[in-house]
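Submitted below is the structure of interest, expressed as structure tokens.
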Amino acid sequence: MGSNLPLAYLMLSAILFVIGGVGVLIRRNPLVMIMCVELMLNAVNLSFVTFGKTLDDISGQIIVFFVMVVAAAEVVVGLALIVAMARRRPGATADDLRTLRG
Amino acid sequence: METAVFVVSALIVLAGGLGVVSSRNPVHSALSLIATLFGIAVLFLNLGAELLAVVQVIVYTGAIVVLILFVMMLLGVDREEDLDTEPLVGQRFLAGLIGLLFLGAILAIIIVGKEAIITGSRSVTSAISPTVSNVTQIGTELFTTYVFPLEITAGLLTIAVVGAVVLSRRPRDLEPIPEPESMTDMGDEALTTVPEEGAH
């Protein structure tokens, strides 16, 4: 089992990624959708660190660092969009994001 | 020991992930997300990425989830959602099917390929050092090899902040907030029109 632990990490990462992806597809609340995107990003981060450890390379951890920064920027812009949308229409769902079009 | 930590953290991560997707209340989703992110931080520690584990707790659970919760409270969406009705018929079935197919494909590759799926050669120039600490090594790499991506990241964060300010600013066609009466209203006429519907 000990030698197969990296594979177990990758499986966990795959399962978490799919949970997040299904969440993005089925939930209609934009805030919950953003949280599901965070789940997917974290799943990928986990596999980056696993690969980095398996191949004995620090670059895996550095890429995760950059992914975290991009995720933070994404959340900031996404939440600003949601706030701007909900100000015009309280209780907005993902369908109301079509107001973004022009 | 490593396996035991992995099993416990993996259970926390999966339970939290399912909680995010299936909670009726968005606040419960956010709290489940904290559990997931914390479990992943423990897994990072288990993999020897100490700096990332700390950054995960500080940035994700400390900043991002709090920001999401703050917006939830600001917008007042902390209500139970009706998850029983399905607005698009067949949406959940299709989403589950796609998810299962994708998961099955990845798991099949991992199970069949075993160690061979981890392709690539061992690092020569940036190997994980057994003597230098994790923080020192990541810092050195960030400011030498990855200095240009780091600068671009700084630009990205600036753009994100400016974008957030522009997006969440009040549109110009909405009524401005009236000034205090004692300073402007001399009793002659209304200096500011009454805000109409939509200017909340």
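The values are calculated or read from the model by the stated rules, or taken from the named source; none is laboratory data. This one's a predicted model, so the numbers in the text were calculated from it and none came from an experiment. Because the Cβ atoms are built from the backbone with ideal geometry, glycine has one as well, and the counts that use them run over all protein chains shown.
Taking the criterion of being more than 17 Å from the chain's Cα centre (by Cα), at negative phi and not in a helix (DSSP H, G or I), would at least one residue in the range A:48-57 satisfy it? Before the answer, list the steps.
As a first pass, look at the range A:48-57 and keep what is more than 17 Å from the chain's Cα centre (by Cα): A:50-57.
Filter once more, so that each one left must be at negative phi: A:50-55, A:57.
Retained after the next criterion (residues that are not in a helix (DSSP H, G or I)): A:55, A:57.
Yes, because at least one residue in the range A:48-57 is more than 17 Å from the chain's Cα centre (by Cα), at negative phi and not in a helix (DSSP H, G or I).
Of the residues that make up the range B:96-105, is at least one facing chain A (nearest Cβ under 7 Å), within 29 Å of B:F38 (Cβ to Cβ), part of a helix (DSSP H, G or I) and of a type in the set (F, W, Y)?
Within the range B:96-105, one or more residues are facing chain A (nearest Cβ under 7 Å), within 29 Å of B:F38 (Cβ to Cβ), part of a helix (DSSP H, G or I) and of a type in the set (F, W, Y).
Let's see how each residue does on (1) in contact with a Phe, Trp or Tyr (Cβ under 9 Å, 6 or more places away or on another chain); (2) surrounded by 13 or more Cβ atoms within 10 Å (Cβ to Cβ); (3) more than 7 Å from chain A (Cβ to nearest Cβ); (4) under 22 Å from A:I63 (Cβ atoms):
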position	(1), (2), (3), (4)
B:E2	no, no, no, no
B:A15	no, yes, yes, no
B:N25	no, yes, yes, no
B:I34	yes, yes, yes, no
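Okay, moving on. From the residues in the range B:93-140 that are closer than 17 Å to A:G60 by Cβ and within 25 Å of the chain's Cα centre (by Cα), which one is modelled with the lowest pLDDT?
Filtering the range B:93-140 for residues that are closer than 17 Å to A:G60 by Cβ and within 25 Å of the chain's Cα centre (by Cα), the one modelled with the lowest pLDDT comes out as B:N134.
Report, by residue number, each residue of the range B:122-143 that is surrounded by 10 or more Cβ atoms within 10 Å (Cβ to Cβ), more than 9 Å from chain A (Cβ to nearest Cβ) and part of a loop (DSSP other than H, G, I, E, B).
Within the range B:122-143, B:V132, B:S133 meet the criteria.
Here is a further query. Given the condition assigned to a helix (DSSP H, G or I) and either facing chain B (nearest Cβ under 7 Å) or under 23 Å from B:E115 (Cα atoms) (or both), answer yes or no: does some residue in the range A:93-100 qualify? Write out each step before concluding.
Taking the range A:93-100 and keeping what is assigned to a helix (DSSP H, G or I), we get A:94-100.
Remaining after also requiring either facing chain B (nearest Cβ under 7 Å) or under 23 Å from B:E115 (Cα atoms) (or both): none.
No, because not a single residue in the range A:93-100 is assigned to a helix (DSSP H, G or I) and either facing chain B (nearest Cβ under 7 Å) or under 23 Å from B:E115 (Cα atoms) (or both).
Is the range A:34-56 home to any residue that is of a type in the set (K, R), crowded, with 19+ Cβ neighbours inside 10 Å and within 21 Å of B:L103 (Cβ to Cβ)?
Pass one, the range A:34-56, residues of a type in the set (K, R): A:53.
Now restrict to residues that are crowded, with 19+ Cβ neighbours inside 10 Å: A:53.
Filter once more, keeping what is within 21 Å of B:L103 (Cβ to Cβ): none.
No - not one qualifying residue is present in the range A:34-56.
Shifting gears a bit: Looking at the range A:68-85, I want the residues that are more than 20 Å from B:I58 (Cα to Cα) and have a partner that is among the hydrophobic types (A, V, I, L, M, F, W, C) and not in a helix (DSSP H, G or I) with Cβ atoms under 6 Å, at least 6 apart or on another chain. Which pairs are those?
Once the first residue is more than 20 Å from B:I58 (Cα to Cα) and sits in the range A:68-85, its partners that are among the hydrophobic types (A, V, I, L, M, F, W, C) and not in a helix (DSSP H, G or I) give A:M85/A:A92.
Taking B:T158 as meeting all but one of (1) in a loop (DSSP other than H, G, I, E, B); (2) surrounded by fewer than 13 Cβ atoms within 10 Å (Cβ to Cβ), write down the number of the exception.
In the conditions (1) in a loop (DSSP other than H, G, I, E, B); (2) surrounded by fewer than 13 Cβ atoms within 10 Å (Cβ to Cβ), B:T158 misses (1) alone.
Which count do you get for residues in the range A:48-64 that are at the interface with another protein chain (Cβ under 7 Å from one of its Cβ atoms), of a type outside the set (D, E, K, R), without any contact (Cβ under 8 Å) to a residue 40 or more places away in the chain and touching a Ser or Thr at 6+ places or on another chain (Cβ under 9 Å)?
4
Looking at A:V18, A:V75, which is the one that is in contact with a helix residue (DSSP H, G or I) (Cβ under 9 Å, 6 or more places away or on another chain), more than 30 Å from B:F143 (Cα to Cα) and not polar (S, T, N, Q)? Break it down into steps so the answer makes sense when it comes.
On the way: A:V75 fails: more than 30 Å from B:F143 (Cα to Cα).
Within the list A:V18, A:V75, the selection yields A:V18.
Conditions (1) in a helix (DSSP H, G or I); (2) within 30 Å of B:T145 (Cβ to Cβ); (3) within 7 Å of another protein chain (Cβ to nearest Cβ); (4) not acidic (D, E), marked per residue:
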site: B:A53; (1), (2), (3), (4): yes, yes, no, yes
site: B:I68; (1), (2), (3), (4): yes, no, yes, yes
site: B:F93; (1), (2), (3), (4): yes, no, no, yes
site: B:G120; (1), (2), (3), (4): no, yes, yes, yes
